[in-house]
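The values are calculated or read from the model by the stated rules, or taken from the named source; none is laboratory data. Since we're looking at a predicted model, the values are computed, not measured. As a convention, Cβ positions derive from the backbone with ideal geometry for all residues, glycine included, and neighbour counts pool all protein chains shown. The accessibility values were calculated without ligands, DNA or RNA, using every heavy atom of the protein model including side chains. Shrake-Rupley method; radii C 1.70, N 1.55, O 1.52, S 1.80 Å.
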Amino acid sequence: MFERTGGGEKAVLVQLDFGQGDIVERLEELNLLAASAGATTVAVVQGRRERPDSALFAGKGKVAEVAEAIRDAQADIAIFNHELSAAQQRNLEKEFGGCRVVDRASLILDIFAQRAKSHEGKLQVELAQLQHLATRLVRGWTHLERQKGGIGLRGPGETQLETDRRLLGKRVKVLKERLKQLERQRAVRRRARMRREMLAVSLVGYTNAGKSTLFNALTKAGAYAADQLFATLDTTSRRLYLEGSGQVVLSDTVGFIRDLPHSLVAAFHATLEETASADLLLHVVDSASGDRDAQIEAVNGVLEEIGAARVPQILVWNKIDATGVEPAVERDAYGKITRVRVSAKTGAGLGLLRQALAEMAQIHAVPASPVVNAA
């Protein structure tokens with residue numbers, strides 16, 4: 001059902017049901033993640049459990065089933081759509097005869113590492129990877145060996161593991177300092193923009209909801225857009241002229257996903273801060289997805305985590321070309337815009353979205369009424 005052919009490493013996907021529901025959607029998302037990382041799915045193993053096994057995550061019978069699938073397909077890697085502890089990962093690799101085991105967080109981090117293009121994006125991804133791997137230092141790190149220059153740097157009485165941790169800590173400190181400098185530069189640009197009193201709008205949404213396609217359709221920016229997860233990592237901002245309201249600043253941001261690794265959220269703090277400081281969020285939703293409600297919830301969860309939950313948002317119901325729904329602007333009982341139905345692909349409804357943005361820009365431009373003390 002989910003098998004794909006093509007290049008890349010051959011992967012066996014593993015999805016267990018602990019009663020969380022949406023298993024079909026979760027499996028399809030895992031398949032997309034694996035494909036985005038460059039892997040080819042050769043087998044899928046599913047199962048049900050009440051709770052994870054402390055040693056192997058799955059039960060012995062299910063682990064044997066995965067091992068058999070790996071042997072039959074001559075797979076290179078087993079990808080679990082769950083978070084595994086270092087011990088579970090190590091134990092599973094032994095059970096699978098040395099076949100590599102990757103969990104969901106590591107898979108997402110790998111995709112981010114492939115996608116990062118800007119200097120800041122690369123620093124953020126490296127920091128996230130190091131913070132994630134710091135919790136599971138179980139073997140010597142050859143890439144750290146190259147950084148430290150090899151023999152002669154180990155402290156008195158240090159084991160290899162202690163040396164690796166110390167060097168890792170140093171690298172994390174360097175990355176954090178570089179990212180702080182970039183964050184300060186970003187803050188200066190943000191203050192300059194605020195002085196111009198321009199409405200700042202950020203596109204947010206689940207990965208592959210069509211944010212970059214919508215961004216390009218509105219601004220003609222030519223930002224990279226593809227039918228893959230996490231096509232956009234680096235924030236891109238453009239000025240957008242709106243008839244009757246002047247210019248606003250529109251920013252395209254990284255897509256969110258359920259169970260986004262905390263190390264990624266922390267590392268991308270400076271980038272995501274652009275979202276938290278926006279005046280308005282356009283929450284882009286793939287209206288053709290059967291999992292859209294869960295995706296909306298996942299995005300709002302990340303917005304809460306980065307301090308952007310209070311920023312006003314308009315739902316942009318994208319991909320209506322796939323559902324046959326007509327373009328429209330929906331309002332609540334008070335006349336406030338709540339949702340705009342569009343197709344970024346065909347352009348349907350984009351005029352309505354521009355009008356909605358113009359309306360919000362006019363509201364933003366009206367100064368607050370001064371408080372008059374009663375005599």
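Screening GLY61 against (1) of a type in the set (Gly, Ala, Ser); (2) in contact (Cβ under 8 Å) with a residue 60 or more places away in the chain; (3) out of contact with any helix residue (DSSP H, G or I) (no Cβ under 9 Å at 6 or more places or on another chain); (4) over 11 Å from VAL12 (Cα atoms) leaves a single unmet condition, (2).
Return the residue satisfying two criteria in turn: it lies in segment 313-351 and is closer than 19 Å to LEU280 by Cα and of a type in the set (Ser, Thr, Tyr), and of such residues it is surrounded by the fewest Cβ atoms within 10 Å (Cβ to Cβ). Looking at the filtered set, the residue picked out is TYR334. Scanning segment 74-106 for residues that are under 23 Å from ILE23 (Cα atoms), open to solvent by 10 Å² or more (accessible area, probe 1.4 Å), in contact with a strand residue (DSSP E or B) (Cβ under 6 Å, 6 or more places away or on another chain) and in a helix (DSSP H, G or I) yields GLN88, GLN89. Among residues that are modelled with pLDDT under 80 and either over 25 Å from the mean Cα position of the chain (by Cα) or aromatic (Phe, Trp, Tyr) (or both), THR135 is not included.
Residue count for segment 239-273, restricted to those that are more than 15 Å from the chain's Cα centre (by Cα), crowded, with 18+ Cβ neighbours inside 10 Å and not aliphatic (A, V, I, L, M): 2.
Per the listing GLU120, GLU158, the residue uniquely open to solvent by less than 50 Å² (accessible area, probe 1.4 Å), at pLDDT below 90 and farther than 20 Å from PRO261 by Cα is GLU158.
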